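*Asks:* First the structure, then my questions, so here it is.
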Amino acid sequence: MYASREDIGYDFGDDSKVGSKPIKPNPNIDGGWAWMIVLSSFLVHILIMGSQMALGILNMEWLEEFNQSRGLTAWVSSLSMGITLIVGPFIGLFISMCGCRTTTIIGGILNALGWILSAYASNVHYLFLTFGVTAGIGSGMVYLPAVVMVGQYFQKRRALAQGLSTTGTGFGAFLMTALLKYLCTEFGWRNAMFIQGAISLNLCVCGALMRPLSPKDFREKYVVRRDSEENRAKALSHSTETIKSNRVLGEEPEKKEEAVNEEVLGSVQHVEIGGKSGSGRSMYGLRLFKTVSQLTVTVRKGFALWYSSYFGAASLFTNRVFMAFIIWALFAYSSFVIPFIHLPEIVKQYNLSRQNNVFPLTSIIAIVHIFGKVILGIISDLPCISTWNVFLMANFTLVTCILTLPLMQTYVGLAVVCALIGFSSGYFSLMPVVTEDLVGTKHLANAYGIIICANGISALFGPPFAGWIYDITQKYDFSFYIAGLLYMVGIIFLLIQPCIQKKQPREKSTEKAQV
């Protein structure tokens, strides 16, 4: 997230007029109700991301129930995880038209409906639609506003607020793993999904807590931003993947189009007032026409903002380093997701279920992941340390762990590797900073949105690919080896492109000197 006017999508006209008026700061910005927004976002991370990280428990139940291949069954989990991230840019359209509160409540209902309908699944293909698509879209509609609202309510303490809210992912993975395992053991996986669907209805409560800021509050926040412009870089935090949506939350439409729309709606009101003596059917028709006209204006406005925000940055794709970053994102996230989906079954094959029941390996990844994000963020903030170098070192550590994990066949060995995976994957908190360094603040929102979509594609295809490799080789070893090698290819792209860009200016300067 970055502290600029673009990230809230409001235009307040003359900046000088705004800055010249002494405005009393809103107590709800950086305090007051803002902390309720952090609590709401924290709970969303627990219920959405935490539940997705615990899907390995249900994946084992689906394998036993439906007797399908591991590659086909893994599509259920990967669809839910991938769609949650991929639909981010499209959910921005809903946010621009309906607001974060309404979008979250609708998404909470949709997510709960996906869980409940999945309890009646008769085959894996049924789960594709109910859990993969329905619950996945609902998760995306909840997850994006949760991060957006934290960005709106915080200015000076934004990094702290985003850090606190995103730690819900680690806590959620730990809690949901234990909860789903208990529910499946006591009530069976179908009743467990039904109960989880009822729990997911609490997402609607989280949405109700997302009280929108008025334009006046945004103006007060903007005045504070002008006074603290030098702190922009420090305001960056682990906002998943959702920075891109902040630019589509309410810009004014073009003046000409707005005037035409107001004229149409005004004429409808005039006819409605003048026709009170007419029949009730005519009045109902006028009111319906007025409602449709207003809805059309809102949709056109939202679509225009959405389109300009996500398809108006073609220059990004001329940046070779950014293109290498996209290639890296296409391979990286799957290496983090695959262990969560397939580790429970690997433990079962190694006859380590007794030790794993005491302290699940996926819970180790989740807990250490929390500390990894915090510690790597602190290290990268040191003046003598390069964020880019910390980012690369964390990636090298993670890919090394992925490649060595199949070699560990004891619980202690697997636990150590999982702890390193959790710590090194804390580089997620550095992704906004690295993205800004590559493309600049102006293109940060769009660029980070593209990276998150690439991560979603990686999560979509990673687990099924690992399951497909197992179906062929009857081992998970090659799944981790291939995923690790592809991840290494992405890291190599990150290393090569900066060297090429540094070399090109030198060659051009040499040519000029010769001329």
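*Asks:* Would you say residue 3 is crowded, with 20+ Cβ neighbours inside 10 Å and modelled with pLDDT of 55 or more?
*Replies:* no
*Asks:* Condition check: within 23 Å of the chain's Cα centre (by Cα), open to solvent by less than 60 Å² (accessible area, probe 1.4 Å), at pLDDT below 90 and over 24 Å from residue 496 (Cα atoms). Does residue 377 satisfy that?
*Replies:* It is true that residue 377 is within 23 Å of the chain's Cα centre (by Cα), open to solvent by less than 60 Å² (accessible area, probe 1.4 Å), at pLDDT below 90 and over 24 Å from residue 496 (Cα atoms).
*Asks:* Here is a further query. Name the one entry in 412, 399, 417 that is over 26 Å from residue 80 (Cβ atoms), assigned to a helix (DSSP H, G or I) and at pLDDT 85 or above.
*Replies:* 412
*Asks:* Something else: Here is a check on your reading of the model: is residue 70 open to solvent by 50 Å² or more (accessible area, probe 1.4 Å) and either within 26 Å of residue 179 (Cβ to Cβ) or of a type in the set (Asp, Glu) (or both)?
*Replies:* Yes.
*Asks:* Here's another thing I want to ask about it. Within the stretch 184-211, can you find the residues that are hydrophobic (A, V, I, L, M, F, W, C), open to solvent by 20 Å² or more (accessible area, probe 1.4 Å) and under 15 Å from residue 36 (Cβ atoms)?
*Replies:* Hits for the stretch 184-211 are 205, 208, 209.
*Asks:* Residue 133: in contact (Cβ under 8 Å) with a residue 24 or more places away in the chain, over 18 Å from residue 212 (Cα atoms), in the same structural domain as residue 202 (by the TED database) and surrounded by fewer than 24 Cβ atoms within 10 Å (Cβ to Cβ), yes or no?
*Replies:* Yes, satisfied.
The values are calculated or read from the model by the stated rules, or taken from the named source; none is laboratory data. Everything numeric here is computed off the predicted structure, so don't read it as measured data. Here Cβ is always computed from backbone atoms with ideal geometry, including for glycine, and neighbour counts include all displayed protein chains. In case anyone asks, the SASA skips ligands and DNA or RNA and just uses the protein heavy atoms, side chains included. Shrake-Rupley method; radii C 1.70, N 1.55, O 1.52, S 1.80 Å.
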